[in-house]
Amino acid sequence: LGKLNPLAKPIALDITGKVRDLELPPLSPYSVKYSGYGINRGKLSVDVKYQVQPDGKLTANNKVILNQLSFGDKVEGSTASLPVKLAVALLADRNGVIDIDLPISGSLSDPQFSIGPIIVKVIINVIVKAITAPFSLLAGAFGGGGDELSNVAFAPGSARLQPDAQAGLDKVAKALADRPSLRLTVVGTSNLDAEREGFKRARLDQLVRAEKRRSVVKEGGAATVSVTVSPAEYPLLLKEVYKNADMSKPRNMVGMAKDLPVPEMENLLLADIKVTDDAMRELAVQRSVVVKDYLAAKNLPADRLFLGASKTVPPDAKWTPRAELVLAIP
(Lines give C-alpha, C1' and ligand atoms only; values in the text may rest on other atoms or scores of the structure.)
Protein backbone atom coordinates (compact mmCIF):
# COMPACT_ATOMS: atom_id res chain seq x y z
CA LEU A 1 0.00 0.00 0.00
CA GLY A 2 1.47 3.37 -0.95
CA LYS A 3 2.70 5.62 -3.75
CA LEU A 4 5.24 4.91 -6.48
CA ASN A 5 6.85 7.37 -8.95
CA PRO A 6 8.18 5.22 -11.83
CA LEU A 7 9.61 8.24 -13.66
CA ALA A 8 12.10 9.10 -10.93
CA LYS A 9 15.56 7.59 -11.20
CA PRO A 10 15.91 5.79 -8.96
CA ILE A 11 12.25 5.12 -8.30
CA ALA A 12 10.70 7.21 -5.53
CA LEU A 13 8.21 5.41 -3.34
CA ASP A 14 6.23 5.79 -0.14
CA ILE A 15 4.72 2.48 0.91
CA THR A 16 3.61 0.50 3.93
CA GLY A 17 3.79 -3.25 4.19
CA LYS A 18 3.71 -6.29 6.41
CA VAL A 19 5.85 -9.37 6.79
CA ARG A 20 4.69 -12.27 8.90
CA ASP A 21 6.70 -15.18 10.35
CA LEU A 22 9.90 -14.73 8.35
CA GLU A 23 12.29 -17.49 9.42
CA LEU A 24 15.51 -15.97 10.78
CA PRO A 25 18.05 -18.87 10.66
CA PRO A 26 18.78 -18.16 6.94
CA LEU A 27 20.13 -14.77 8.08
CA SER A 28 22.72 -16.46 10.31
CA PRO A 29 25.70 -15.43 8.11
CA TYR A 30 24.89 -11.78 8.82
CA SER A 31 24.30 -12.53 12.50
CA VAL A 32 27.71 -14.21 12.77
CA LYS A 33 29.35 -11.23 11.07
CA TYR A 34 27.92 -8.67 13.48
CA SER A 35 27.61 -10.64 16.75
CA GLY A 36 29.73 -13.78 16.51
CA TYR A 37 26.68 -16.02 16.98
CA GLY A 38 24.43 -17.78 14.50
CA ILE A 39 20.65 -17.81 14.85
CA ASN A 40 19.29 -21.18 15.97
CA ARG A 41 15.62 -20.31 15.86
CA GLY A 42 13.23 -17.45 15.54
CA LYS A 43 10.66 -15.74 13.36
CA LEU A 44 10.32 -12.12 12.34
CA SER A 45 7.08 -10.22 11.81
CA VAL A 46 7.24 -6.57 10.85
CA ASP A 47 5.00 -3.68 9.88
CA VAL A 48 7.00 -1.28 7.73
CA LYS A 49 6.69 2.19 6.29
CA TYR A 50 9.31 2.78 3.61
CA GLN A 51 10.14 6.02 1.89
CA VAL A 52 12.64 6.25 -0.97
CA GLN A 53 13.51 9.72 -2.18
CA PRO A 54 14.50 10.46 -5.79
CA ASP A 55 18.16 10.55 -4.66
CA GLY A 56 17.86 6.91 -3.55
CA LYS A 57 17.84 7.56 0.17
CA LEU A 58 15.78 5.02 2.09
CA THR A 59 14.17 5.68 5.45
CA ALA A 60 11.96 3.16 7.17
CA ASN A 61 10.02 2.86 10.41
CA ASN A 62 9.47 -0.70 11.50
CA LYS A 63 7.30 -2.30 14.14
CA VAL A 64 9.26 -5.49 14.71
CA ILE A 65 8.20 -8.62 16.55
CA LEU A 66 10.77 -11.35 17.10
CA ASN A 67 9.28 -14.62 18.27
CA GLN A 68 11.35 -17.28 20.07
CA LEU A 69 14.66 -15.78 18.96
CA SER A 70 17.59 -17.87 20.14
CA PHE A 71 21.27 -17.90 19.28
CA GLY A 72 23.68 -20.81 19.07
CA ASP A 73 27.16 -21.12 20.52
CA LYS A 74 29.92 -18.68 19.72
CA VAL A 75 31.19 -19.33 16.20
CA GLU A 76 34.85 -20.29 16.35
CA GLY A 77 37.08 -17.85 14.52
CA SER A 78 34.55 -15.04 14.51
CA THR A 79 36.04 -11.65 15.32
CA ALA A 80 32.73 -10.26 16.62
CA SER A 81 31.44 -11.13 20.07
CA LEU A 82 28.33 -9.83 21.79
CA PRO A 83 26.45 -11.27 24.81
CA VAL A 84 23.37 -11.81 22.68
CA LYS A 85 21.79 -14.35 25.03
CA LEU A 86 21.67 -11.80 27.83
CA ALA A 87 20.19 -9.28 25.39
CA VAL A 88 17.41 -11.68 24.39
CA ALA A 89 16.65 -12.30 28.06
CA LEU A 90 16.41 -8.53 28.56
CA LEU A 91 14.20 -7.92 25.56
CA ALA A 92 11.90 -10.95 25.47
CA ASP A 93 8.74 -11.15 27.58
CA ARG A 94 7.61 -14.27 29.43
CA ASN A 95 6.26 -15.69 26.14
CA GLY A 96 9.56 -15.28 24.31
CA VAL A 97 8.34 -12.33 22.24
CA ILE A 98 10.44 -9.23 21.55
CA ASP A 99 8.36 -6.23 20.47
CA ILE A 100 10.40 -3.21 19.40
CA ASP A 101 10.40 -0.24 17.01
CA LEU A 102 13.43 -0.11 14.72
CA PRO A 103 14.43 2.67 12.31
CA ILE A 104 16.26 1.64 9.13
CA SER A 105 18.09 3.88 6.70
CA GLY A 106 20.37 3.49 3.70
CA SER A 107 20.75 4.35 0.03
CA LEU A 108 19.58 2.34 -2.95
CA SER A 109 22.42 4.00 -4.85
CA ASP A 110 24.90 2.02 -2.77
CA PRO A 111 25.86 -1.16 -4.70
CA GLN A 112 26.35 -2.91 -1.35
CA PHE A 113 22.81 -2.11 -0.22
CA SER A 114 20.80 -5.16 0.93
CA ILE A 115 17.85 -5.16 3.28
CA GLY A 116 18.77 -8.49 4.93
CA PRO A 117 22.05 -7.43 6.54
CA ILE A 118 20.58 -4.01 7.37
CA ILE A 119 17.79 -5.65 9.40
CA VAL A 120 20.27 -7.87 11.23
CA LYS A 121 22.62 -4.94 11.90
CA VAL A 122 19.78 -2.89 13.37
CA ILE A 123 18.82 -5.81 15.62
CA ILE A 124 22.46 -6.10 16.73
CA ASN A 125 22.49 -2.37 17.53
CA VAL A 126 19.51 -2.92 19.82
CA ILE A 127 21.37 -5.82 21.43
CA VAL A 128 24.37 -3.57 22.07
CA LYS A 129 22.06 -1.07 23.76
CA ALA A 130 20.62 -3.88 25.86
CA ILE A 131 24.10 -4.52 27.21
CA THR A 132 25.29 -0.94 27.66
CA ALA A 133 22.03 0.56 28.96
CA PRO A 134 19.71 -2.32 29.89
CA PHE A 135 17.37 -0.37 32.15
CA SER A 136 16.92 2.33 29.53
CA LEU A 137 16.01 -0.29 26.96
CA LEU A 138 13.41 -1.74 29.32
CA ALA A 139 11.78 1.66 29.81
CA GLY A 140 8.68 0.51 27.96
CA ALA A 141 8.21 -2.36 30.38
CA PHE A 142 8.73 0.05 33.26
CA GLY A 143 5.93 2.30 32.06
CA GLY A 144 8.41 5.17 31.91
CA GLY A 145 11.79 5.76 33.43
CA GLY A 146 15.01 4.42 32.10
CA ASP A 147 18.61 3.81 33.00
CA GLU A 148 18.27 5.79 36.24
CA LEU A 149 16.36 2.79 37.59
CA SER A 150 19.65 0.89 37.74
CA ASN A 151 20.40 2.92 40.89
CA VAL A 152 18.24 2.99 44.02
CA ALA A 153 18.71 6.35 45.75
CA PHE A 154 18.97 6.76 49.52
CA ALA A 155 19.21 9.78 51.77
CA PRO A 156 22.79 10.36 53.00
CA GLY A 157 23.56 8.05 55.92
CA SER A 158 20.26 6.19 55.64
CA ALA A 159 19.19 2.71 54.55
CA ARG A 160 15.47 3.53 54.52
CA LEU A 161 13.68 3.26 51.18
CA GLN A 162 12.09 6.53 50.14
CA PRO A 163 8.74 6.61 48.25
CA ASP A 164 10.43 7.49 44.94
CA ALA A 165 12.84 4.58 45.33
CA GLN A 166 9.95 2.22 46.08
CA ALA A 167 8.11 3.41 42.95
CA GLY A 168 11.20 2.69 40.86
CA LEU A 169 11.62 -0.77 42.38
CA ASP A 170 7.97 -1.53 41.64
CA LYS A 171 8.74 -0.97 37.95
CA VAL A 172 11.86 -3.13 38.15
CA ALA A 173 9.85 -5.92 39.82
CA LYS A 174 7.26 -5.79 37.03
CA ALA A 175 9.92 -6.04 34.34
CA LEU A 176 11.60 -8.96 36.12
CA ALA A 177 8.30 -10.78 36.54
CA ASP A 178 7.81 -10.58 32.76
CA ARG A 179 11.35 -11.82 32.06
CA PRO A 180 11.82 -15.00 34.12
CA SER A 181 15.29 -15.82 32.79
CA LEU A 182 16.82 -12.64 34.24
CA ARG A 183 18.68 -12.54 37.55
CA LEU A 184 19.25 -9.38 39.58
CA THR A 185 22.16 -8.59 41.88
CA VAL A 186 21.97 -5.70 44.37
CA VAL A 187 25.21 -3.94 45.32
CA GLY A 188 24.99 -1.52 48.23
CA THR A 189 27.42 1.41 48.34
CA SER A 190 28.39 4.10 50.84
CA ASN A 191 30.90 6.91 51.22
CA LEU A 192 32.27 8.06 54.56
CA ASP A 193 33.16 11.61 53.55
CA ALA A 194 29.89 12.30 51.75
CA GLU A 195 27.65 10.68 54.37
CA ARG A 196 29.23 11.46 57.71
CA GLU A 197 26.71 14.11 58.77
CA GLY A 198 23.81 12.29 57.15
CA PHE A 199 24.74 9.11 59.03
CA LYS A 200 24.74 10.98 62.34
CA ARG A 201 21.33 12.50 61.64
CA ALA A 202 19.91 9.14 60.54
CA ARG A 203 21.27 7.50 63.70
CA LEU A 204 19.70 10.20 65.89
CA ASP A 205 16.38 9.72 64.11
CA GLN A 206 16.64 5.97 64.81
CA LEU A 207 17.19 6.65 68.50
CA VAL A 208 14.15 8.94 68.65
CA ARG A 209 11.96 6.37 66.87
CA ALA A 210 13.25 3.66 69.22
CA GLU A 211 12.19 5.82 72.17
CA LYS A 212 8.74 6.18 70.60
CA ARG A 213 8.56 2.40 70.11
CA ARG A 214 9.37 1.81 73.77
CA SER A 215 6.49 4.04 74.76
CA VAL A 216 4.18 2.18 72.38
CA VAL A 217 5.20 -1.17 73.93
CA LYS A 218 4.59 0.20 77.44
CA GLU A 219 1.06 1.01 76.37
CA GLY A 220 0.50 -2.52 75.11
CA GLY A 221 1.48 -2.11 71.47
CA ALA A 222 3.57 -4.58 69.44
CA ALA A 223 7.34 -4.18 69.52
CA THR A 224 7.50 -4.69 65.73
CA VAL A 225 5.09 -1.87 64.92
CA SER A 226 6.37 0.77 62.52
CA VAL A 227 6.43 4.15 64.23
CA THR A 228 6.50 7.72 63.05
CA VAL A 229 7.32 10.74 65.15
CA SER A 230 5.23 13.88 64.82
CA PRO A 231 6.76 17.36 65.30
CA ALA A 232 4.75 17.73 68.52
CA GLU A 233 6.19 14.47 69.93
CA TYR A 234 9.77 15.08 68.90
CA PRO A 235 10.98 17.42 71.72
CA LEU A 236 9.87 15.09 74.53
CA LEU A 237 11.25 12.00 72.82
CA LEU A 238 14.54 13.76 72.09
CA LYS A 239 14.75 14.78 75.75
CA GLU A 240 14.46 11.11 76.78
CA VAL A 241 17.17 10.12 74.30
CA TYR A 242 19.40 12.88 75.67
CA LYS A 243 18.72 11.87 79.27
CA ASN A 244 19.66 8.24 78.58
CA ALA A 245 22.77 9.06 76.52
CA ASP A 246 26.07 8.07 78.15
CA MET A 247 28.06 11.20 77.40
CA SER A 248 29.32 14.39 79.01
CA LYS A 249 26.50 16.89 79.60
CA PRO A 250 26.37 20.49 80.79
CA ARG A 251 25.58 20.62 84.54
CA ASN A 252 23.92 23.20 86.77
CA MET A 253 25.33 24.45 90.05
CA VAL A 254 24.13 21.39 91.98
CA GLY A 255 25.58 18.94 89.46
CA MET A 256 22.35 18.01 87.69
CA ALA A 257 22.18 17.85 83.88
CA LYS A 258 20.79 21.12 82.57
CA ASP A 259 17.55 21.33 80.68
CA LEU A 260 18.54 22.40 77.18
CA PRO A 261 16.61 23.59 74.14
CA VAL A 262 16.11 21.12 71.28
CA PRO A 263 18.91 22.46 69.01
CA GLU A 264 21.51 22.21 71.78
CA MET A 265 20.47 18.65 72.68
CA GLU A 266 20.64 17.70 69.01
CA ASN A 267 24.10 19.21 68.58
CA LEU A 268 25.48 17.40 71.64
CA LEU A 269 23.96 14.08 70.62
CA LEU A 270 25.16 14.40 67.00
CA ALA A 271 28.67 15.27 68.16
CA ASP A 272 28.72 12.12 70.32
CA ILE A 273 27.76 9.76 67.48
CA LYS A 274 30.86 8.11 66.00
CA VAL A 275 31.08 7.34 62.29
CA THR A 276 33.60 4.63 61.38
CA ASP A 277 34.62 2.72 58.28
CA ASP A 278 32.90 -0.34 59.73
CA ALA A 279 29.69 1.63 60.16
CA MET A 280 29.86 2.68 56.51
CA ARG A 281 30.41 -0.88 55.35
CA GLU A 282 27.42 -1.99 57.40
CA LEU A 283 25.34 0.83 55.89
CA ALA A 284 26.21 -0.39 52.39
CA VAL A 285 25.15 -3.93 53.35
CA GLN A 286 21.88 -2.67 54.88
CA ARG A 287 21.05 -0.84 51.64
CA SER A 288 21.50 -3.94 49.51
CA VAL A 289 19.46 -6.05 51.95
CA VAL A 290 16.54 -3.62 52.12
CA VAL A 291 16.37 -3.44 48.31
CA LYS A 292 16.52 -7.24 47.92
CA ASP A 293 13.88 -7.74 50.61
CA TYR A 294 11.58 -5.19 48.98
CA LEU A 295 11.80 -6.98 45.62
CA ALA A 296 11.33 -10.38 47.26
CA ALA A 297 8.11 -9.05 48.81
CA LYS A 298 6.86 -8.50 45.23
CA ASN A 299 6.72 -12.28 44.79
CA LEU A 300 9.96 -12.56 42.85
CA PRO A 301 11.60 -15.97 43.46
CA ALA A 302 14.51 -15.92 45.88
CA ASP A 303 16.74 -17.77 43.40
CA ARG A 304 16.55 -14.78 41.05
CA LEU A 305 17.69 -12.19 43.60
CA PHE A 306 21.26 -11.92 44.88
CA LEU A 307 23.31 -9.72 47.17
CA GLY A 308 26.54 -8.53 45.58
CA ALA A 309 29.63 -7.56 47.54
CA SER A 310 28.75 -4.21 49.09
CA LYS A 311 31.38 -1.52 48.82
CA THR A 312 32.51 1.76 50.28
CA VAL A 313 33.41 4.01 47.37
CA PRO A 314 36.14 6.67 47.24
CA PRO A 315 35.20 10.37 47.26
CA ASP A 316 33.60 11.44 43.98
CA ALA A 317 31.75 14.68 43.35
CA LYS A 318 29.27 12.86 41.09
CA TRP A 319 28.50 10.00 43.48
CA THR A 320 25.19 9.91 45.32
CA PRO A 321 24.10 7.48 48.10
CA ARG A 322 22.65 4.42 46.39
CA ALA A 323 22.40 0.72 45.79
CA GLU A 324 23.24 -0.48 42.29
CA LEU A 325 21.23 -3.05 40.32
CA VAL A 326 22.96 -5.47 37.92
CA LEU A 327 21.10 -7.74 35.49
CA ALA A 328 22.43 -11.10 34.29
CA ILE A 329 21.38 -14.55 33.14
CA PRO A 330 22.34 -17.91 34.70
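Can you tell me how the stretch 176-247 classifies by the Cα gyration tensor, rounded, prolate or oblate, using a/c under 1.5 as the rounded cut? Judged from the Cα gyration tensor, the stretch 176-247 comes out oblate (a/c at least 1.5, b/c at or above a/b).
In terms of the mean number of neighbouring beta-carbon atoms within 10 Å, the peptides 251-263, 84-96, 155-167 order highest first as 84-96, 155-167, 251-263. Note on Lys249: lysines with a C-alpha under 24 Å away, same-chain residues under 8 apart excluded, are Lys200, Lys212, Lys239, Lys258, Lys274. What shape does the stretch 127-276 take by its C-alpha gyration tensor, where a ≥ b ≥ c are the square roots of the eigenvalues and a/c under 1.5 counts as rounded, a/b above b/c as prolate, and the rest as oblate? It is prolate, given that a/c is not under 1.5 and a/b is the larger ratio. Using the Cβ of Asp193 as centre and a radius below 12 Å, the other residues enclosed give a net charge of -3, where K and R count +1 and D and E count -1. Classification of the stretch 240-330 by its C-alpha gyration tensor yields a prolate form. The axis ratio a/c (a ≥ b ≥ c) is 1.5 or more, and a/b outweighs b/c. Separation of the stretch 161-191 and the stretch 201-263, taken as the distance between their Cα centroids, equals 35 angstrom.
So what's the net charge close to Ser215: Lys and Arg +1, Asp and Glu -1, counting the other residues with Cβ under 13 Å from its Cβ? Net local charge, Ser215 excluded: +2. With θ taken as phi - 60° and the Karplus curve 6.51 cos²θ - 1.76 cosθ + 1.60 applied, the whole-hertz 3J(HN,Hα) list for the stretch 151-166 is 10, 9, 7, 10, 5, x, x, 10, 10, 8, 6, 7, x, 5, 5, 5 Hz, x standing for glycine and proline.
Within the stretch 168-209, what whole-number % of the accessible surface is contributed by carbon and sulfur, with the 1.4 Å probe and all protein chains included in the calculation?
Numbers: 760 of 1570 Å².
C and S fraction of accessible area: 48 percent.
With a simple spin-label model that places each label point 7 Å from the Cα along the Cα-to-Cβ direction, the separation between Lys85 and Asp316 comes to 3.0 nm.
Note that the stretch 29-45 has calculated 3J(HN,Hα) couplings of x, 6, 4, 4, 4, 8, 10, x, 10, x, 9, 7, 7, x, 10, 10, 10 Hz, one per residue in order, obtained from phi through the Karplus relation 6.51 cos²θ - 1.76 cosθ + 1.60 (θ = phi - 60°); glycine and proline are x.
Would you mind working out the magnitude of the charge dipole of the stretch 196-330 relative to its Cα centre, with +1 at each Lys and Arg C-beta and -1 at each Asp and Glu C-beta, to the nearest 20 Debye? Don't jump to the answer; show the numbers that get you there.
Values: 23 positive and 18 negative charges, 16 e Å.
So the magnitude is around 80 debye.
The local environment of Ala89, defined by Cβ-Cβ distances under 10 Å, has a net charge of +3 under the rule Lys, Arg +1 and Asp, Glu -1.
The values are calculated or read from the model by the stated rules, or taken from the named source; none is laboratory data. The model shown is predicted, which means the values in this text are computed figures rather than measured ones. Virtual Cβ from ideal backbone geometry, glycine too; neighbours counted across all protein chains shown. Just the protein is used for accessible areas: all its heavy atoms, side chains included, with ligands, DNA and RNA removed. Shrake-Rupley method; radii C 1.70, N 1.55, O 1.52, S 1.80 Å.
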